[in-house]
Structures are given as C-alpha cells and as structure tokens.
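Student: Pasting a structure here, questions to come.
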Amino acid sequence: NFMLTQPHSVSGSPGKTVTISCTRSSGSIASNYVQWYQQRPGSAPTTVIYEVNQRPSGVPDRFSGSIDSSSNSASLTISGLKTEDEADYYCQSYDSSNPVVFGGGTKLTVL
Amino acid sequence: QVQLVESGGGLVKPGGSLRLSCAASGFTFSDSYMTWIRQAPGKGLEWVSYISSSGTTINYADSVKGRFTISRDNAKNSLYLQMNSLRADDTAVYYCARVGTTEGGAFDIWGQGTMVTVSS
C-alpha cells in the first residue's frame, strides 16, 4: 500500500498564491492520475482538479495542478486567493492494488 | 438536476447493523460506477467501497471487508451499503459518489452525506 502525505495546513493572504503538496510514499506519482477535492465547512467535497491538471467546468482557472517526479509529488496551486477558497483540500490517487487512496487533507486558511 | 441523496443513517449500538441508501437522479445511473466514502468527525476522507455499473465488480477497504456489503438496483436508481458488526470507529458521515467517466476516475458527483453514529 502507498500513502499520500499532505501538509496539515497552509495559509495565504487574499490575492496571493498558495501551493499544496501531495507526496506519494511508494510507486511513481506519474504512474496514476491524481485528483484534488475541495471541502468547505459543513459541505460535501467537490472536484477542483482531475487527471493531474484538468479543471471541471465551473472551476476557475486560478486552480491548477501539476506533478514533480523528482519529489514524487503532486501539487495544487491556487492563485489570486479569495476568502471563498478557505476549505480543506484532499488529493487522491490509486494503483492496481489500491483502488482509492486519499491524502490526509490540508486546511487552507485565507488570512 | 444531477444529484445523489443518501439516507438511512442514525444511532446504532456496537455490533448492530444499518443499511444506507443513495438515490440518484439526473444522470444515467445504470452506466455509472458508484462508491461510498466516509469521513469520521474532524478527520479526513476514507474510501469504503465501490461497485461497477452492472454490479459484477466490487471492492472494499480492508477496514470494512467482511462486515459491509455494497449493492445497487439499477431499476430503482439506487445504491446501498449494508453495514453489519458495526464498531465505534465506523462512526462517520457516509457519502455516496459517482465515479466519473474520465480516465482517472475522479468522483464527480457527491451526495450531501448521512451520519452514522455507533455508540452504546
């Protein structure tokens, strides 16, 4: 089994840019797609990035995703921070032995 | 509109059973893989189980294998989770979600969740 490790929390000021990392413990991060979900307080999660860097319709282009094979990690970058971006963010991936693996989640605070 | 609505949550004693339901509307349920995901209070997301569109392929997390059973009724556009031998650590909000049709299988539709509390 592999794990996805995220920072417990990140913060940023309105208008600034933050990046949330998601490090895969074993196996290549590039071998399987990574998704990112946003969960606002009291609400169900929604997808903000799928297949590493694709945005569902309705998600602003302030949200972007990428992977870095050298650190075996995926990243979610949010630019032009807004107070409405304050939420928990989860990365998710899989492999042939593990159908679904979630990261532990990162709490984004917009100061 | 496109939606998933869970029901069936509640308070149950350790060792007891509960059956969750998820009613789908606004999309072709019979073509969709479906999944259950849970979230313990103040904790992160944990995948529980998934089922293929026909119901022939099923998988479970190790934490629920042998105790939970996922099923579906495509005629009723409904997904189910039968939970037996419940333990305190099964206490969580249970979400049903659709596995999207993208290659990465992102969960593109989520229900609002139903709370399950296991306590004596």
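Student: Hey, can you tell me all the residues within the stretch A:8-55 that are surrounded by 15 or more Cβ atoms within 10 Å (Cβ to Cβ) and of a type in the set (Gly, Ala, Ser)? Show your work before the answer.
Tutor: Our first condition is that a residue be surrounded by 15 or more Cβ atoms within 10 Å (Cβ to Cβ); within the stretch A:8-55, this holds for A:10, A:12, A:18, A:20-24, A:27, A:29, A:32-39, A:44-55.
Selection gives A:Gly12, A:Ser21, A:Gly27, A:Ala44.
Student: Which condition breaks for A:Pro99 when tested against (1) of a type outside the set (Gly, Ala, Ser); (2) surrounded by 17 or more Cβ atoms within 10 Å (Cβ to Cβ); (3) within 27 Å of B:Tyr94 (Cα to Cα); (4) within 14 Å of another protein chain (Cβ to nearest Cβ)?
Tutor: Just one mismatch for A:Pro99, condition (2).
Student: If B:Val12 satisfies every condition in (1) aliphatic (A, V, I, L, M); (2) touching a residue at least 24 places away in the same chain (Cβ under 8 Å); (3) closer than 30 Å to A:Thr106 by Cα but one, which is the exception?
Tutor: (3)
Student: While we're looking at this one, here's another question. Report yes if B:Val64 is touching a strand residue (DSSP E or B) at 6+ places or on another chain (Cβ under 8 Å), outside any loop (DSSP other than H, G, I, E, B) and surrounded by 13 or more Cβ atoms within 10 Å (Cβ to Cβ), otherwise no. Spell out the reasoning first.
Tutor: Values: touching a strand residue (DSSP E or B) at 6+ places or on another chain (Cβ under 8 Å): yes; outside any loop (DSSP other than H, G, I, E, B): no; surrounded by 13 or more Cβ atoms within 10 Å (Cβ to Cβ): yes.
No; evaluated as a whole, the condition is false for this residue.
Student: If we only count strands (runs of 3 or more DSSP E) wholly inside the stretch A:43-110, which ones have 2 or more residues that are more than 18 Å from B:Trp110 (Cα to Cα)? Quick ask: steps written out before the conclusion?
Tutor: Numbers: elements: A:46-49, A:63-68, A:73-78, A:87-93, A:106-110.
Result: A:63-68, A:73-78, A:106-110.
Student: Would you say B:Arg38 is of a type outside the set (Asp, Glu) and over 30 Å from A:Thr106 (Cα atoms)?
Tutor: Numbers: of a type outside the set (Asp, Glu): yes; over 30 Å from A:Thr106 (Cα atoms): no.
Considered against the rule, which asks whether it is of a type outside the set (Asp, Glu) and over 30 Å from A:Thr106 (Cα atoms), B:Arg38 comes out as no.
Student: Return the residues of the stretch B:79-120 that are out of contact with any Ser or Thr (no Cβ under 6 Å at 6 or more places or on another chain) and surrounded by fewer than 17 Cβ atoms within 10 Å (Cβ to Cβ); say none if nothing qualifies.
Tutor: Within the stretch B:79-120, B:Ser85, B:Arg87, B:Ala88, B:Asp89, B:Thr101, B:Thr102, B:Glu103, B:Gln112, B:Met115, B:Ser119, B:Ser120 meet the criteria.
Student: Also, quick follow-up: Among the residues of the stretch B:1-27, write down those that are assigned to a strand (DSSP E or B) and at positive phi. Steps first, answer last, please.
Tutor: Within the stretch B:1-27, the first condition is being assigned to a strand (DSSP E or B), and the residues that meet it are B:3-7, B:10-12, B:18-25.
Residue satisfying the conditions is B:Gly10 alone.
Throughout, read-outs are computed from the coordinates displayed, never taken from laboratory work. The structure displayed is predicted, hence computed values, not measured ones. Note that each Cβ is placed from the backbone with ideal geometry, even for glycine, and that neighbours are counted across all protein chains shown.
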